[in-house]
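Engineer: First the structure, then my questions, so here it is.
The values are calculated or read from the model by the stated rules, or taken from the named source; none is laboratory data. Since the model is a prediction, treat every value here as computed from it, not as a measurement. Note: ideal-geometry Cβ built from the backbone for every residue, glycine included; neighbour counts use all protein chains shown.
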Amino acid sequence: MKLSIRKPKLLPLLITLVAVVTCASLGVWQLQRMDWKQGLKDRIAERVGSEAISVPSVIDTPVDWEYQPVTVTGVFDHSKESYLAAQSTNGNAGFQVVTPLTRADGSTILINRGWIPYEMRDPKNRPEGQVEGEVTITGLGRLPWLQTGVAGMLIYDADPVTKIFFEADLETMAAMHDVTVLPIFIDAAADQTPGDWPKGGQTVLKLVDNHETYAYTWFIFGTIAFIVFMLAHRVKPMTYISTRGTAEPLGFQDVVLAGLARDGGLYIPQNWPQIAPGDLPRLSKLSYSDLAVEIMYPFVEGAFTKEEFSDLVHQSYATFDTDEVTPLRELGKDEYLLELYHGPTFAFKDVALQLLGRLFEAILARREGDTTIVGATSGDTGSAAIAACQGRKGIQIFMLHPNGRVSDVQRRQMTTVAANNVFNIAVDGTFDDCQALVKALFNDHAFRDANNLGAVNSINWARVMAQIVYYFHAALKLGAADDVRPVFSVPTGNFGDVYAGYVAMQMGLPVDKLVVATNDNDILFRALSAGDYSRREVHATISPAMDIQVSSNFERLLFDMFDRNGPALAEVMDRFADTGDLKIAEDKLAKVRDILLPHKVGEAEVLATIKEVHDRTGVEIDPHTAVGMTAGLRVERAEGVPLVVLSTAHPAKFPDAMEQALGHGPQTPERLKAVMNGEERFDTLADDVDALKAYVTDGQ
């Protein structure tokens with residue numbers, strides 16, 4: 001399996017490089033030590049194999065006598081014997097007997113006479129007793145090189161070629177008995193000690209010869225450091241789970257194509273990526289497109305490389321008429337519009353759908369497949385989705401809108417598109433009816449699979465993902481890196497736009513409050529203020545994109561309210577589908593009450609706000625934006641806390657409402673004027689799922 005790695009930060013990279021280089025260097029050094037040790041063994045073997053020579057009275061260069069076979073003659077001074085803790089080759093504990101040997105010239109040399117068990121330390125316990133008279137000792141000369149003064153553990157071995165003596169400071173041992181010795185130490189040969197005890201012979205430790213093992217150990221440590229670094233920076237594809245808990249978890253590509261989960265739930269990331277406060281200053285300096293890549297990429301890692309995703313994002317936002325994509329317009333002190341309508345269809349839906357259309361095309365090209373997109377619109381989603389998908393390979397799009405319940409401009413933006421892969425359907429019913437038809441098609445798994453259904457509504461996670469970005473963009477422009485926490489007021493019907501703001505907060509964006517602004521279709525207001533999520537009759541208003549009484553994305557918020565207990569939420573949502581009623585307990589509402597402030601705005605207030613803002617600032621705002629502005633101005637804010645109202649559509653899309661509010665029509669961009677003269681193509685269907693299935697099948 002290919003391991004994809006994200007770009008590391010400088011400090012972890014430097015630490016890893018230092019660790020790897022250090023371990024590799026130590027491994028090479030150990031191999032060099034192994035070569036040096038072999039050379040030493042060869043030199044020792046050569047010395048040990050030479051003829052024994054007599055030790056002189058004075059030794060000026062003791063190193064020349066190390067491991068030199070020597071002969072000395074003298075008398076043992078048993079009163080000054082020392083005993084060094086040791087083991088025999090059989091592992092028995094005992095002592096090495098070290099006895100001074102005084103020569104005729106008055107010089108003294110320490111002789112290691114061999115090993116005895118503990119109980120024979122006392123000479124009276126040895127069979128031979130004391131060694132009397134002058135003796136001649138032949139043995140191996142060595143140096144008392146370990147200057148620690150601490151006794152060492154000695155292991156008897158007669159092979160000095162592969163063993164080196166490890167001992168206490170023999171000079172200190174001599175000083176304990178007031179003896180001055182030559183700087184050489186002699187291991188008596190086995191046949192040179194009179195009597196049975198001590199047993200003579202070289203008492204030496206092994207010449208450590210595991211440098212190769214040490215070298216490979218260091219190399220392994222270096223490899224482990226590298227592997228840990230790679231694993232820490234590996235791409236961990238985001239896993240998406242259903243809000244109802246039983247559908248198979250999917251990766252990003254499958255979530256984009258699937259839209260709705262097979263258990264009827266909505267897909268949501270298994271965990272929220274985190275933006276550290278320390279990253280905000282860097283992010284605040286990025287362009288919108290570059291910021292979008294940084295914010296969204298954790299959601300798509302593993303599906304696209306960062307370079308591939310960046311290309312899709314930059315292509316998507318090159319279609320907007322401003323480099324800022326979603327510019328902030330200041331209306332007054334700490335009062336701003338976040339203009340989301342600078343895309344191809346003059347509505348906020350372009351921000352997500354321009355990207356989603358390209359994601360569909362890229363994924364389908366990889367899989368050499370196709371998809372049939374079926375969506376519902378209350379006004380703006382349809383035109384934005386069609387603009388994003390028209391002419392794209394592998395995609396057919398069927399868009400449902402409520403007949404007579406969208407503005408003429410909104411309808412014509414959809415129905416005047418002449419692309420062969422675009423099908424418009426006017427449904428005799430409300431937007432909720434359209435949305436229910438779409439969900440019915442997705443829940444018919446046989447039909448869904450046979451037609452490779454895909455979704456562009458905000459039930460598709462990619463829609464919400466793209467909308468998160470403009471919350472970051474606006475907040476960073478207003479000083480989020482310095483902990484300025486704006487209030488966002490969001491006109492919403494299907495809850496997708498405000499839910500994106502909620503996700504931004506979960507990711508670490510400093511936000512004070514999210515105002516959930518609804519029109520007379522107030523299911524979200526009732527749900528968040530009183531726990532009453534019950535379906536009621538849809539009222540036609542001058543803000544038609546919000547004429548919704550079943551907010552699909554609210555289920556994603558409920559998932560968190562229910563502590564991400566999918567089966568428990570599934571039971572509640574099934575009951576809601578049957579009865580149209582859902583009560584939210586106070587303890588669940590308390591989890592979001594501090595950040596989500598619901599407000600309901602009536603028709604008269606909308607018209608009054610459009611006029612007030614125009615009279616005060618000269619700026620035209622559409623009816624949906626007016627809902628958000630009215631609700632936002634109701635919220636008490638501390639000094640210096642900015643109010644950001646999401647302006648979701650160009651006012652020219654609602655000429656009748658603007659005429660009613662201002663007494664004159666809005667300023668209309670040339671591109672919007674053109675659609676009013678185009679030939680319309682759409683079909684009208686009853687609110688009937690079988691009729692829709694037949695239409696989709698025939699359309700293909």
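Engineer: Testing residue 485 on (1) touching a Ser or Thr at 6+ places or on another chain (Cβ under 6 Å); (2) surrounded by fewer than 21 Cβ atoms within 10 Å (Cβ to Cβ); (3) not acidic (Asp, Glu), one condition comes back false. Which one is that?
Structural biologist: Going through (1) touching a Ser or Thr at 6+ places or on another chain (Cβ under 6 Å); (2) surrounded by fewer than 21 Cβ atoms within 10 Å (Cβ to Cβ); (3) not acidic (Asp, Glu) one by one, residue 485 breaks only (1).
Engineer: Hey, among 64, 42, 60, which residue is out of contact with any Asp or Glu (no Cβ under 8 Å at 6 or more places or on another chain) and under 30 Å from residue 218 (Cβ atoms)?
Structural biologist: Answer to the selection: 42.
Engineer: Identify the single condition in (1) surrounded by 18 or more Cβ atoms within 10 Å (Cβ to Cβ); (2) of a type outside the set (Asp, Glu); (3) more than 58 Å from the chain's Cα centre (by Cα); (4) modelled with pLDDT under 70 that residue 160 does not satisfy, given that it satisfies every other one.
Structural biologist: Just one mismatch for residue 160, condition (3).
For (1) more than 22 Å from residue 271 (Cα to Cα); (2) assigned by TED's automatic domain parsing to the domain that holds residue 260; (3) modelled with pLDDT under 95, each residue gets a yes or a no:
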site	(1), (2), (3)
540	yes, yes, yes
570	no, yes, no
577	yes, yes, yes
594	no, yes, yes
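Engineer: Still on this structure, please answer the following. Looking at region 36-48, which of the residues that are among the basic types (Lys, Arg) and either outside any helix (DSSP H, G or I) or over 19 Å from residue 212 (Cβ atoms) (or both) is modelled with the highest pLDDT? Quick ask: steps written out before the conclusion?
Structural biologist: Taking region 36-48 and keeping what is among the basic types (Lys, Arg), we get 37, 41, 43, 47.
Of the ones still in play, those that are also either outside any helix (DSSP H, G or I) or over 19 Å from residue 212 (Cβ atoms) (or both) are 43, 47.
On the way: 43: 81, 47: 84.
Only one residue fits best here, namely 47.
Engineer: Any residue at all in region 283-295 that's in a strand (DSSP E or B) and either among the charged types (D, E, K, R) or touching a residue at least 60 places away in the same chain (Cβ under 8 Å) (or both)?
Structural biologist: no
Engineer: Here's another thing I want to ask about it. Which residues, taken from region 513-526, are surrounded by 21 or more Cβ atoms within 10 Å (Cβ to Cβ) and in contact (Cβ under 8 Å) with a residue 60 or more places away in the chain?
Structural biologist: Scanning region 513-526 gives 513, 514, 515, 516, 517, 518, 519, 524.
Engineer: Now, a different point. Scan region 113-151 for residues that are modelled with pLDDT of 85 or more and polar (S, T, N, Q) and jot them down.
Structural biologist: 136, 138 - these are the residues of region 113-151 that are modelled with pLDDT of 85 or more and polar (S, T, N, Q).
Engineer: To continue, here is another question. Go through region 49-90 residue by residue and tally those that are aliphatic (A, V, I, L, M) and either in a strand (DSSP E or B) or more than 26 Å from residue 102 (Cβ to Cβ) (or both).
Structural biologist: Summing the residues that are aliphatic (A, V, I, L, M) and either in a strand (DSSP E or B) or more than 26 Å from residue 102 (Cβ to Cβ) (or both) in region 49-90 gives 7.
Engineer: Of all residues in region 39-74, how many are surrounded by fewer than 16 Cβ atoms within 10 Å (Cβ to Cβ), of a type in the set (Val, Ile, Thr) and touching a strand residue (DSSP E or B) at 6+ places or on another chain (Cβ under 9 Å)?
Structural biologist: Count: 3.
Engineer: Which count do you get for residues in region 652-681 that are touching a residue at least 40 places away in the same chain (Cβ under 8 Å), buried (at least 17 other Cβ atoms within 10 Å of the Cβ) and in contact with a helix residue (DSSP H, G or I) (Cβ under 6 Å, 6 or more places away or on another chain)?
Structural biologist: Here the count works out to 9.
Engineer: Now, a different point. Any idea how many residues of region 682-699 are under 47 Å from the mean Cα position of the chain (by Cα) and exposed (fewer than 13 other Cβ atoms within 10 Å of the Cβ)?
Structural biologist: Going through region 682-699 one residue at a time, the tally reaches 4.
Engineer: May I pose another question? Being without any contact (Cβ under 8 Å) to a residue 40 or more places away in the chain and in a loop (DSSP other than H, G, I, E, B) is the filter here; which residues of region 243-282 pass it?
Structural biologist: Our first condition is that a residue be without any contact (Cβ under 8 Å) to a residue 40 or more places away in the chain; within region 243-282, this holds for 247-250, 254, 261, 270-271, 278-279, 282.
Hits for region 243-282 are 247, 248, 249, 261, 270, 271.
Engineer: Pull up region 615-635, narrow it to residues that are hydroxyl-bearing (Ser, Thr, Tyr) and in contact with a strand residue (DSSP E or B) (Cβ under 6 Å, 6 or more places away or on another chain), then point me to the one that is surrounded by the fewest Cβ atoms within 10 Å (Cβ to Cβ).
Structural biologist: Filtering region 615-635 for residues that are hydroxyl-bearing (Ser, Thr, Tyr) and in contact with a strand residue (DSSP E or B) (Cβ under 6 Å, 6 or more places away or on another chain), the one surrounded by the fewest Cβ atoms within 10 Å (Cβ to Cβ) comes out as 617.
Engineer: List the helices (runs of 4 or more DSSP H) that sit entirely inside region 652-700 and contain at least 2 residues that are within 20 Å of residue 542 (Cβ to Cβ) and either of a type in the set (Gly, Ala, Ser) or in contact with a Pro (Cβ under 7 Å, 6 or more places away or on another chain) (or both). Quick ask: steps written out before the conclusion?
Structural biologist: Working: elements: 655-662, 670-675, 689-699.
Correct list: 655-662.
Engineer: Taking region 527-539 as the region of interest, how many residues are in contact (Cβ under 8 Å) with a residue 40 or more places away in the chain and either closer than 11 Å to residue 598 by Cα or of a type outside the set (Lys, Arg) (or both)?
Structural biologist: 8
Engineer: Take residue 276 and tell me if it is over 27 Å from residue 437 (Cβ atoms), at pLDDT below 85, within 16 Å of the chain's Cα centre (by Cα) and small (Gly, Ala, Ser).
Structural biologist: Details: over 27 Å from residue 437 (Cβ atoms): yes; at pLDDT below 85: no; within 16 Å of the chain's Cα centre (by Cα): yes; small (Gly, Ala, Ser): yes.
No.
Engineer: Then there is this: Is it the case, given these coordinates, that residue 318 is surrounded by 21 or more Cβ atoms within 10 Å (Cβ to Cβ), over 18 Å from residue 8 (Cα atoms), of a type in the set (A, V, I, L, M) and in the same structural domain as residue 454 (by TED's automatic domain parsing)? Explain how you work it out, then say what you get.
Structural biologist: Details: surrounded by 21 or more Cβ atoms within 10 Å (Cβ to Cβ): no; over 18 Å from residue 8 (Cα atoms): yes; of a type in the set (A, V, I, L, M): yes; in the same structural domain as residue 454 (by TED's automatic domain parsing): yes.
Judged against the criteria, residue 318 is not a match.
Engineer: Let me ask something additional. Out of the residues in region 513-546 that are β-branched (Val, Ile, Thr) and assigned to a strand (DSSP E or B), state the one that is nearest to residue 608 (Cα to Cα).
Structural biologist: Pass one, region 513-546, residues β-branched (Val, Ile, Thr): 515-516, 518, 523, 538, 541-542.
Right, trim to assigned to a strand (DSSP E or B) and you get 515-516, 518.
Details: 515: 19, 516: 19, 518: 16 Å.
Among those that are β-branched (Val, Ile, Thr) and assigned to a strand (DSSP E or B), it is 518.
Engineer: A further question on this structure: Which condition from (1) outside any loop (DSSP other than H, G, I, E, B); (2) without any contact (Cβ under 8 Å) to a residue 60 or more places away in the chain; (3) crowded, with 19+ Cβ neighbours inside 10 Å; (4) of a type outside the set (Ser, Thr, Tyr) is the one that residue 299 breaks?
Structural biologist: It is condition (2) that residue 299 fails.
Engineer: Test residue 612 against the criterion of being without any contact (Cβ under 8 Å) to a residue 12 or more places away in the chain, assigned to a helix (DSSP H, G or I), at negative phi and surrounded by 15 or more Cβ atoms within 10 Å (Cβ to Cβ), and give yes or no.
Structural biologist: yes
Engineer: Then there's this: Name, by its number, the condition in (1) surrounded by 13 or more Cβ atoms within 10 Å (Cβ to Cβ); (2) more than 28 Å from residue 383 (Cβ to Cβ) that does not hold for residue 585.
Structural biologist: Looking at each condition in turn, residue 585 falls short on (1).
Engineer: Please tell me if residue 337 is touching a residue at least 40 places away in the same chain (Cβ under 8 Å), touching a Lys or Arg at 6+ places or on another chain (Cβ under 6 Å), in a strand (DSSP E or B) and assigned by TED's automatic domain parsing to the domain that holds residue 495.
Structural biologist: yes
Engineer: Anything in region 400-451 that is of a type in the set (A, V, I, L, M) and under 26 Å from residue 650 (Cα atoms)? List them, or say none.
Structural biologist: Answer for region 400-451, where residues must be of a type in the set (A, V, I, L, M) and under 26 Å from residue 650 (Cα atoms): 400, 406, 409, 414, 417, 418, 419, 422, 425, 426, 427.
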